[in-house]
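Heads up: the structure comes next, in structure tokens.
The values are calculated or read from the model by the stated rules, or taken from the named source; none is laboratory data. It should be emphasised that the depicted structure is a prediction, and the values quoted were computed from it without experimental measurement. Reconstructed Cβ throughout: ideal geometry from the backbone, glycine too, with neighbour counts over all protein chains shown. For the accessible areas, the whole protein counts, side chains as well, though only heavy atoms, and no ligand, DNA or RNA atoms are used. Shrake-Rupley method; radii C 1.70, N 1.55, O 1.52, S 1.80 Å.
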Amino acid sequence: MLTMTAAPTEAVNDSFLDTKRYYITTPIYYVNGAPHVGTATTTVLADATARYRRLRGDRPYFLTGTDENARKVTEAAEKAGRETLPFVDEVSQRFVETWKLMNCDYDVFFRTTEARHRRIVQEVFTRLKAAGDVYPGVYEGWYSVADETFFRDTDVDETTQTAKESGAKVERVREDTYFFRLSAYGDRLKAHILTHPDFLVPDTRRNEVLAFIEQGLRDINITQNRSGWGIEVPGEPNKIIYVWFDALINYLAESGWPDAPDWDTLWPANVHFMGKEIYTRFHATLWPAMLMALGLPLPQHVVGHGWWLVRDPKTLAFVKGSKSGIQLPLPQETVQLLQERSGAPEAICVDALRYYLCRDIQLQSDAEFSVEMLITRYNSDLANDLGNVLNRVLRAKYFEGTIPQPGGFDDALTAVAAQAVSGYKAALERFDWGAALQAAWTLVGALNKYVAEKEPWTLARNGDTQGVATVVYHALEGARLAAVLVSPVLPSAAAAMGAQLGIANLAAEGTWSEATRWGGLVPGTPIGEPTPLFPRIDTRALGTGTADAAPSPKKGSRTMNTASQEPTFAPVAEPGKTTAASDSALAKPEGGGSSDTVTIDDFARIQLKIAEILTAERIEGAKKLLRLRIRVGEGDDRQLVAGIAESYAPEDLPGRQIVVIANLQPATIRGVQSQGMLLAATDSEGRAILLKPDAPVAPGSKVR
Ligand code: MSP
């Protein structure tokens, strides 16, 4: 671990050196391919958590790195026609570069090909062998190189020779090997889980793990008969230690265990982050059992998130995005795309991607990754909601560029702020960044609403200087607080917001309590130059199908984002003037039309089509919703969630023709993906009445 250095004349505070670090880890990633936005998600979640803990006054220690001894790594090198070592060095470097781009500020980049790691892995093997927890035997069964996992017969489809869980190819192996006595730890593990309710996060995964242990844990094969790449079994050069047994030990090896006197300032880890596929079997079962066998304390929290899914263009099904199958985009290309489309600097686009990854990845379930959704989040949550708060007030240049003295505090608004702070904090107890950001956005929304309602421009026109001062102070103070809350996820944007407010270090180490208390802005402080942080992306030019003034897509609903519907705050000094950030709501339509009208071009962006209902069923626990499978033309079958269950029986629907919006941003409603929306009228009793064509037409026909 990093050693602390102090100037020789400075007194060293021993108790400070002894303090336990708040130890955060990501998985160490296989170096069989470059990191994509999926791997970036876990690293960004860990980075945001480290930044948050630092703000809270902890001393985080953040580990990431690469898992290099796997067979799939040597196979990837072979496939690329490369020697393993230079290949591994190069791919590992791509991770380093990607995390640098993504502003992930780790303390150590751990590589399992390093000598110190080999030594500790061999040490663990030797100790457990001496204790009888590692013993020789013969293994016969299945192995998947893609998953680097041994599977039981019942886990495998023998006719296709694939693993049922992942669909990966498996091979039959029979070899003399060493086993780890995992079976001996089932009961102790279960007891630990039951007595430490926040060990396994979220609860759904905890239940999965308990069920997995309940099935009975099997001793696990931890060596493979080969030589060359990998960590040798001590004294047996023809055997290599199984890559998972090797890789998990990285977390402990970093602490300097067993020799370094201060290894317990790092170990046990406070939180291991990972995706769900390596949760149950490895991080929540094998790893804690290995630690128990070594007599070491277990990590405090093991957090597993769902996957990003992408649409398979062939089957149209949503599948896990991966390095080898249907690919997720690379962070570099995604950031570049945002830069090209928004004109914002790289650091701001990195922030926007970080925001989307943290906001929309789900702990309990999977979520769809889409560039359209990223752009919608950018325009709606960042350009419109967050950008608005600060820019509108600053741009008006009231009070000659200084923070005004308020006439008092607005209790309703300070209550919203306090609630946002406590909701944010509570969400992060569960490591739920999506929920934390939602809590922060309740403040952002309330601030925009506050300004729109108080109309400081009218107050200014009426000469109510004190009134303007109060509103402006509140808007700016709220923006400061919001900037503190978003700073772990949007570090560059938050710093820029701080600079605009005249604050040099907005969210400094250990300042959580002061920083989140209302009233931090000091009247009279000069404020910086207002510049729109997130220039809007004009989606009209893109044809992405993303509505320009798109509502903030809230999980599980199609409700409009009220914040983005608020009238925008026009500065008195420049009435009616619009900028990139002062959006369409202010722009006067030509020819004296009202702002409620749409142009023919606006309408043309909405693809209305005829579809045919194939099947319909109720959604458990949602009495208004039906899940429909619909055909929107040749080869375009989709799933749609419709709120018509109180008006139509599912059995009456198959075969009917309906009208749908075919290019609506997909949404997850009550955990079910919906790819479009049907059109219905509402009758006088509030029932939904489906629209249908006057005569049958082919599914997919355009409606205009
Ligand atoms: N080397 C092992 C981990 C060893 S840890 C001791 C490994 N590596 S991996 O390269 O396959 O990375 C897996 C991790 O990448 C997941 O746990 C998750 O953090 C991330 N993701 C990979 N694909 C992902 C998605 N499609 N969606 C979300 N996260 C994804 O497993």
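What the table below lists for this structure:
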read-out: Estimated inter-spin distance, VAL108 and GLU617, nm [label 7 Å along Cα→Cβ]; value: 4.9 nm
read-out: Globularity index of the stretch 47-101, i.e. its alpha-carbon radius of gyration over 2.2 N^0.38 Å; value: 1.57
read-out: Calculated FRET efficiency for the pair ARG82/ARG119, C-beta based, R₀ 25 Å, to 0.05; value: 0.40
read-out: The stretch 251-341 - Rg over Rh from alpha carbon coordinates, Kirkwood radius; value: 1.16
read-out: Mean residue ellipticity (222 nm) of the chain, computed from DSSP H runs ≥ 4 via -39,500 (n - 2.57), nearest 500; value: -10500 deg cm²/dmol
read-out: Ellipsoid semi-axes in whole angstrom, largest first, where each is sqrt(5λ) of the Cα gyration tensor of the stretch 15-305; value: 28, 23, 20
read-out: Rounded accessible area of TRP441 (nearest 10 Å², 1.4 Å probe); value: 30 Å²
read-out: Radius 13 Å from Cβ of ILE326, net charge of other residues (Lys, Arg +1; Asp, Glu -1); value: +2
read-out: Other-chain or far-sequence residues with amide H under 5 Å of GLY700's (modelled H); value: ILE610, ALA611, GLY633
read-out: Among beta bridges that DSSP assigns inside the chain, antiparallel share in %, nearest 5; value: 70 percent
read-out: Probe 1.4 Å, accessible area per residue of the stretch 15-305, Å²; value: 38 Å²
read-out: Whichever lysines have a C-alpha closer than 18 Å to that of LYS454, once near sequence neighbours (fewer than 8 apart) are set aside; value: LYS397
read-out: Residues whose placed amide H lies under 5 Å from that of VAL156, excluding near-sequence neighbours; value: LYS164
read-out: Heavy-atom accessible area order for MET497, MET677, largest first, 1.4 Å probe; value: MET677, MET497
read-out: P(r) of the chain over all Cα-Cα pairs, binned every 10 Å from zero, in whole percent; value: 3, 13, 21, 23, 19, 13, 6, 2, 0, 0
read-out: Span-rule helices in the chain, defined as complete DSSP H runs reaching 30 Å or more along the axis (Cα) with Kyte mean at least -1.0; value: 433-454, 465-486
read-out: Rounded to the nearest 10 Å², the accessible area of SER324 at probe 1.4 Å; value: 110 Å²
read-out: Carbon plus sulfur fraction of accessible area for the chain, probe 1.4 Å, in percent; value: 51 percent
read-out: Spatially proximal lysines relative to LYS164 (Cα-Cα < 23 Å; intrachain offsets below 8 disregarded); value: LYS72, LYS276, LYS314, LYS320, LYS323
read-out: Residues with amide H under 5 Å from that of ARG111, placed H, sequence gap 5 or more; value: THR66
read-out: Alpha carbon convex hull of the stretch 7-153, projected area averaged over orientations, nm²; value: 13.7 nm²
read-out: Surface accessible to a 1.4 Å probe, ARG188 within the full protein complex, Å²; value: 130 Å²
read-out: Base-10 log of normalised Debye intensity for the stretch 311-515 (one unit scatterer per alpha-carbon) at q = 0.10, 0.14, 0.17 Å⁻¹; value: -0.49, -0.88, -1.19
read-out: Total charge dipole magnitude, the stretch 238-362, about the Cα centre, Cβ charges on Lys, Arg, Asp, Glu only, Debye to nearest 20; value: 660 debye
